[in-house]
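K.L.:
My questions will all concern the structure given below.
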Amino acid sequence: MTRWENYLRSAAAVLEEYDGSVPLHHFLKQFFKARPQMGSRDRKTVQQLVYRYFRLGRWQMDMQVADRLLLATFLCETAPDAMLEALRPEFSSHMTESLDEKLAVAGLTWDPAAVFPGIGHLSPSIQKEDFTRSFLQQPRLFIRARPGRKAALLKQLEKAGVTYATAGPDAIALPNGTKTEAILPEKNWYEIQDLSSQETGLRFHPRKIEYWWDCCAASGGKSILLHDRQPDIRLLVTDVRASILENLRRRFAEAGVREYDSRVVDLTAPHPATQLPHTSFNGIILDAPCTGSGTWGRTPENLYYFDPVKIAAYAALQKKIAGNVSKLLAPGGTLIYITCSVFREENEDAAVFLERDCGLRIEESTVVEGYRRFADSMFVTVARRD
Ligand SMILES: C[S@@+](CC[C@H](N)C(=O)[O-])C[C@H]1O[C@@H](n2cnc3c(N)ncnc32)[C@H](O)[C@@H]1O
């Protein structure tokens, strides 16, 4: 058996064992740990094959696994590929061609509905063809330069010979796999944060000494962004998970965010206000728990395993939380509702709920498109209490 056939066999073994119940990168770690005979190049090749396989979602499922792995390699890669040269020479001379030309070579027609689960649920502004084709490429790694640090960061990247691109005022795109911790040792000069996520923060307009609440804070990515826009605010962070707030404390300490209050609170419980130190906020960031469907370019196993039936449960959870927290928005205050989802029920329908059921006025509702620029796609609504 050639080494190419061996790689295909190992990738097929992963696909046979993996059932989508844990993130693929966790599964692969365990899979490789149990096979210490595989060298780092073998692991990398098998991992790439498996990720590419999932990038096709459930399109062309009738194919043999090895054929589908090779097709995925042909469609996802643009550089010459030794495995294709050996096993699919009829593909390998077309690597640099457009996707349409490659599909013609393979004799296939792209099918957005087969690639993406729940295509009928997409937010209306999303262009289905471009969106689903974007899954063939992994989104980039983005960092956000913290105030006054961009020039120094760019210098460090240049010194290390890293190819970067600036993408907006504070965003820097890096090649995937860049060892940021080694190259950029001043950890409080930047945050790892997707480009679209950074752009949701353009809607945060905190003024000095205002009360702001990041109510689903997780490890605090949005709060640090908020702090960088105006450090002199009174900040409350909450989350239902105590462990993630521990991460937040460490991350805040590293980022130099010291003035804040934190609480573990379940925002679906009745009367969450009774657990808060303050009950009227000038600004609320509701970065809601969601399907994460706008980030599946990074976790393409979801294209294969996600069941659209789950969308309704997320939408119900989001409404419950939005209904509870919006009551604590002060007159004149703004609630910024964010998801990293591309589903209408979690996005535009939630904005309608904020307006009709929570009595807020919607100032802006936007899909922050990432799929044409190697970033995640998100949704943001700015709602005001008049
Ligand atoms: C999308 S994440 C927030 C990401 C974060 N804002 C950031 O920028 O890094 C959503 C968070 O909502 C939290 N969450 C889920 N259900 C909740 C509930 N019932 N009450 C409060 N927080 C909840 C989750 O634990 C998760 O950390």
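K.L.:
Across the stretch 66-107, what is the total count of residues that are open to solvent by 30 Å² or more (accessible area, probe 1.4 Å), in a helix (DSSP H, G or I) and within 19 Å of Asp130 (Cα to Cα)?
P.N.:
Residues flagged as open to solvent by 30 Å² or more (accessible area, probe 1.4 Å), in a helix (DSSP H, G or I) and within 19 Å of Asp130 (Cα to Cα) within the stretch 66-107 amount to 4.
K.L.:
A follow-up question, please. For the stretch 52-70, give me each residue that is over 17 Å from Pro112 (Cβ atoms) and of a type in the set (A, V, I, L, M). Break it down into steps so the answer makes sense when it comes.
P.N.:
So the first thing to find is which residues in the stretch 52-70 are over 17 Å from Pro112 (Cβ atoms), and the list is 52-53, 62-70.
The answer is Met63, Val65, Ala66, Leu69, Leu70.
K.L.:
If you don't mind, there's one more thing I want to ask. So, in the stretch 294-322, of the ones that are within 12 Å of the ligand (Cβ to nearest atom) and open to solvent by less than 40 Å² (accessible area, probe 1.4 Å), which residue ends up farthest from Glu348 (Cα to Cα)?
P.N.:
Thr295
K.L.:
Additional query: Please specify each residue of the stretch 166-207 satisfying the condition of being of a type in the set (Lys, Arg) and loosely packed, with under 15 Cβ neighbours inside 10 Å. Spell out how you get there, then give the answer.
P.N.:
First, the residues of the stretch 166-207 that are of a type in the set (Lys, Arg): 179, 187, 203, 207.
Hits for the stretch 166-207 are Lys179, Lys187, Arg207.
K.L.:
While we're here: When the stretch 13-38 is examined, which residues are found to be assigned to a helix (DSSP H, G or I), closer than 20 Å to Arg298 by Cα and out of contact with any helix residue (DSSP H, G or I) (no Cβ under 8 Å at 6 or more places or on another chain)?
P.N.:
The answer is His25, His26, Lys29, Gln30.
K.L.:
Taking the residues in the stretch 362-386 that are touching a helix residue (DSSP H, G or I) at 6+ places or on another chain (Cβ under 7 Å) and free of Cβ contacts under 8 Å to residues at least 40 places away in the same chain as candidates, determine which candidate is most open to solvent (accessible area, probe 1.4 Å).
P.N.:
My answer is Ser365.
K.L.:
Does any residue of the stretch 129-151 turn out to be open to solvent by less than 50 Å² (accessible area, probe 1.4 Å), within 17 Å of Ser293 (Cα to Cα) and in contact with a strand residue (DSSP E or B) (Cβ under 9 Å, 6 or more places away or on another chain)?
P.N.:
Scanning the stretch 129-151 turns up at least one residue that is open to solvent by less than 50 Å² (accessible area, probe 1.4 Å), within 17 Å of Ser293 (Cα to Cα) and in contact with a strand residue (DSSP E or B) (Cβ under 9 Å, 6 or more places away or on another chain).
K.L.:
Next up: Considering only the stretch 271-293, state which residues are open to solvent by 40 Å² or more (accessible area, probe 1.4 Å) and touching a residue at least 12 places away in the same chain (Cβ under 8 Å).
P.N.:
Taking the stretch 271-293 as the starting set, the residues that turn out to be open to solvent by 40 Å² or more (accessible area, probe 1.4 Å) are 271, 274-275, 277-280, 282, 289.
Result: Gln275, Pro277, His278, Thr279, Ser280, Asn282, Pro289.
K.L.:
Sticking with this structure for a sec: Determine whether Arg344 is within 22 Å of the chain's Cα centre (by Cα) and more than 12 Å from Ser123 (Cα to Cα). Steps first, answer last, please.
P.N.:
Numbers: within 22 Å of the chain's Cα centre (by Cα): yes; more than 12 Å from Ser123 (Cα to Cα): no.
No, not satisfied.
K.L.:
Turning to a different aspect of this structure: For the stretch 229-261, which residues satisfy the criterion of being among the charged types (D, E, K, R) and over 25 Å from the mean Cα position of the chain (by Cα)?
P.N.:
Here is the first cut: in the stretch 229-261, the residues among the charged types (D, E, K, R) are 229, 232, 234, 239, 241, 246, 249-251, 254, 258-259, 261.
Scanning the stretch 229-261 gives Asp232, Arg234, Arg258, Glu259, Asp261.
K.L.:
While we're on this one: Please go through the stretch 234-250 and give me each residue that is within 8 Å of the ligand (Cβ to nearest atom) and either within 19 Å of Gln198 (Cβ to Cβ) or of a type in the set (Val, Ile, Thr) (or both), ordered by number.
P.N.:
Passing the criteria: Thr238, Val240, Ile244.
K.L.:
Do we find a residue being open to solvent by less than 20 Å² (accessible area, probe 1.4 Å) and within 19 Å of the chain's Cα centre (by Cα) anywhere in the stretch 108-116?
P.N.:
yes
K.L.:
Something else about it: Out of the residues in the stretch 191-233 that are under 15 Å from Val257 (Cα atoms) and among the acidic types (Asp, Glu), which is farthest from the ligand (Cβ to nearest atom)?
P.N.:
Asp232
K.L.:
What do you reckon, is Ile338 assigned to a helix (DSSP H, G or I), touching a residue at least 60 places away in the same chain (Cβ under 8 Å) and out of contact with any His (no Cβ under 7 Å at 6 or more places or on another chain)?
P.N.:
Details: assigned to a helix (DSSP H, G or I): no; touching a residue at least 60 places away in the same chain (Cβ under 8 Å): yes; out of contact with any His (no Cβ under 7 Å at 6 or more places or on another chain): yes.
Here the answer is no, as Ile338 does not meet what is asked.
The values are calculated or read from the model by the stated rules, or taken from the named source; none is laboratory data. All values reported here derive from a predicted model rather than from experimental measurement. Glycine also receives a Cβ, built like all others from the backbone with ideal geometry; neighbour counts cover every protein chain displayed. Surface accessibility is based on the protein's heavy atoms, side chains included, excluding ligands, DNA and RNA. Shrake-Rupley method; radii C 1.70, N 1.55, O 1.52, S 1.80 Å.
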